[in-house]
Amino acid sequence: MTTKITTSLLFAVMTLFNVSTATAGPVGPGTCSNSDVTANGTGGPASAIYCTNQAGNDGNGVAFSANINSLFNTEHGTSLSGNWSQLAKNDAIGNLNISSGAWDFSSLAASISNPFVIVLKATNNFAAYLFDFTTDGTGTFNTVGITDDSKQHDISHISIYTLDTISQVPVPAALWLFGSALMGLVGIRKRYTA
């Protein structure tokens, strides 16, 4: 009898004060800030020029790579073009149970194009940060803007995306030899006509 009265009284108080017993649902994408991620360049650390939040996962990078141009062009009016690819992904940082700290892709600094994108993944959301300068491959991060609950969730992984560059194709040696032979024939002809 006492248990029924206590339960009824508790229910009445919760109803009166509109207290919910439901557990919190999944959090959605938040509102990132350009300063959530910095990268170190020749002039020292600098914030991203643009950021965007997305629900889900940047996955293996293929689907997200195809959408980088349209995401930033639509949301921020940029004029990005070209093909992007995931240069590297750091899953090990997810084992540290941290929500802010340093990122380091310095071993790949020579391969990081300008512009480049850093992606932070936490919970079921991620945020992408666009940079437009040459970096040494290091910087800092903070996950506060990834979700809409204003909490700093532990990071799952950090990825870096770069524009694919087309390397110059060397002229084959055969072309140089052909050119030399052709010049020799022209020289011989001029000699006989003179």
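Structure notes:
- Per residue, the stretch 30-102 exposes an accessible area of 52 Å² to a 1.4 Å probe, with every protein chain left in place.
- Mean projected area in nm² (Cα convex hull; one quarter of hull surface) for the stretch 36-75: 3.8 nm²
- Note on surface exposure: TYR50, TYR129 rank TYR50, TYR129 by accessible area, highest first, 1.4 Å probe.
- Heavy-atom accessible area ranking, 1.4 Å probe, most first, across TYR192, TYR161: TYR192, TYR161
- For the pair THR138 and ASN57, the difference between a 0.36 nm per residue extended length and the Cα-Cα distance amounts to 26.9 nm.
- Label sites at LYS190 and SER35, each approximated as a point 7 angstrom past Cα along Cα to Cβ, lie 6.8 nm apart.
- Listed residues THR38, THR74 arranged by accessible area, highest first, probe 1.4 Å: THR74, THR38
- Length gained when the stretch ILE49-ALA88 is fully extended (0.36 nm per residue, less Cα-Cα span): 12.0 nm
- Residue-level accessible surface for THR42, protein heavy atoms, 1.4 Å, Å²: 150 Å²
- Within the accessible area of the stretch 46-147 (1.4 Å probe), percent carbon and sulfur: 47 percent
The values are calculated or read from the model by the stated rules, or taken from the named source; none is laboratory data. Remember, predicted model here, so these are calculated numbers, not experimental data. Because the Cβ atoms are built from the backbone with ideal geometry, glycine has one as well, and the counts that use them run over all protein chains shown. Ligands, DNA and RNA are excluded from the accessible area calculation, which covers all protein heavy atoms including side chains. Shrake-Rupley method; radii C 1.70, N 1.55, O 1.52, S 1.80 Å.
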